[in-house]
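I have placed the structure first, in the form of structure tokens, so that the comments after it can refer back to it.
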Amino acid sequence: MSHDTTGGDPPTWWSSERAPPLAVVLGVAAPPKLGGDSAPEVLYGSVVSRTTVGGVTVESVERAAARAGSASELFESVAHEIRRLVPFDGSLWFAVDPSTRFAAAPARFENLDAGYCDVFWHHEFHDHDALLFRDLIRSGTTAASLHTATDGTPMRSVRWRNFLSPQGYDDEVRLIFRTGDNTWAAGAVLREVGRQPFTPDEVALLARAADVVAPALRLHAAAAGGSQVLGSTAAPGLLLFSADGCLLSANAEAEHWLDELSAPVSPASGTSWPSVLAEPSTWDLDVPTALLSLLASAQAVAKGFEAGPSRLRLRTASGRWLVLHASTLAGTALEEFTIAVVIEPAKSAEIAPIIIEAYGLSARERDVVRAISRGLSTPEIAAELFLSPHTVRDYVKAVFEKVGVSSRGELVAKLFAEHYLDPLHEGAVHLG
């Protein structure tokens, strides 16, 4: 799991020394204490009627997203700007595979205690609770607060009892970053006990911020998929976990792929991935977020809480696309199930939906791109799609503008030649 600590108070798991109070760091009024002293100049409930808080507006969040050079930088800069707009005490942000809707890299966590990663992912897949990320995605909700969802009694939430309250938090707003039907990232901002809960106006403002950030996340997904060579001759990695998440065995290839997903374990430290993963209670920040999410999903499928498959795609820091699968193997009458995790290089058809959808192409524009990738001329495309040649040229022009190219050859090179050896298969461009 990758944790970034810049742009705000460092998380307690990263340093034993807390940074100066947020109000001192940012130069804005701190959140009001319930029942405390007189209200500060900047009040939480005033953020919509006064569109500026500490000189920052939703437009500044949009500018910060546009300036970011990567998704990781975007999370950092957007978290900083949103915090000035709607103050919070802790947060989490992570990319989402738009097809499977699983968490993926990069991820950013602020002011969360070290031992709660496994609790968080277990809760998301195993518990019935308010505002689970998957439910927000399915319902089309962009932002929602826990206090509102529980009618002001957050202790009704399993997440509040097991994850938020033990860390000193009382309220949470969850955010979904989507364009159209595709979700590119998710996040949550948290307030400590004693702070005023997030107001409806603040939730609405956070939703507006998520809406302006989502297109930038989509473009970063396109850029990530369009600049590195796909493929590797390395064999698939195999890891076997017990029902409670303890690693039982792993082959050498699995250790190689885990090094791709996270910072390599140093041989000089006397540790290895099998020793790191042998006991879930000791898992630390080096364990990849994707692996934690996948294991929790497989456990939930095995127990009947979710329908399979447990599977995700992600891009490593080196630019390689990987596919992770997890499935359960039936045990004997005396043993529980075993979880098998396979990590392998992604095939072209695995990544085509992400690359194409990331550019925001319409269904008909995807049809035209598929035809161009097969080398069809404008008259041939028109005949195949039952369009006029003039309409085809209009679609081609629109595709060029969205992808940022000026010729068919450049289009094919940018979208496919660096990644795929085979022509784009029928249906591969359709993201579920």
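Taken over region 102-122, residues that are buried (at least 19 other Cβ atoms within 10 Å of the Cβ) and farther than 22 Å from Leu314 by Cα amount to 3.
Restricting Ser91, Ser60, Ser72, Ser99 to residues that are at pLDDT 50 or above and crowded, with 22+ Cβ neighbours inside 10 Å narrows the list to Ser91. Taking the listed residues Ala130, Ala66, the one that is out of contact with any Leu (no Cβ under 7 Å at 6 or more places or on another chain), outside the structural domain of Leu292 (by TED's automatic domain parsing), at pLDDT 90 or above and not acidic (Asp, Glu) is Ala66, with no other qualifying. Only residues that are touching a Phe, Trp or Tyr at 6+ places or on another chain (Cβ under 6 Å) and either over 16 Å from Ala363 (Cβ atoms) or not assigned by TED's automatic domain parsing to the domain that holds Ala363 (or both) were counted in region 377-402, giving 0. Residues being modelled with pLDDT of 75 or more and surrounded by fewer than 19 Cβ atoms within 10 Å (Cβ to Cβ) are entirely absent from region 409-419.
The values are calculated or read from the model by the stated rules, or taken from the named source; none is laboratory data. Keep in mind the model is a prediction, meaning the values are calculated, not measured. Note that each Cβ is placed from the backbone with ideal geometry, even for glycine, and that neighbours are counted across all protein chains shown.
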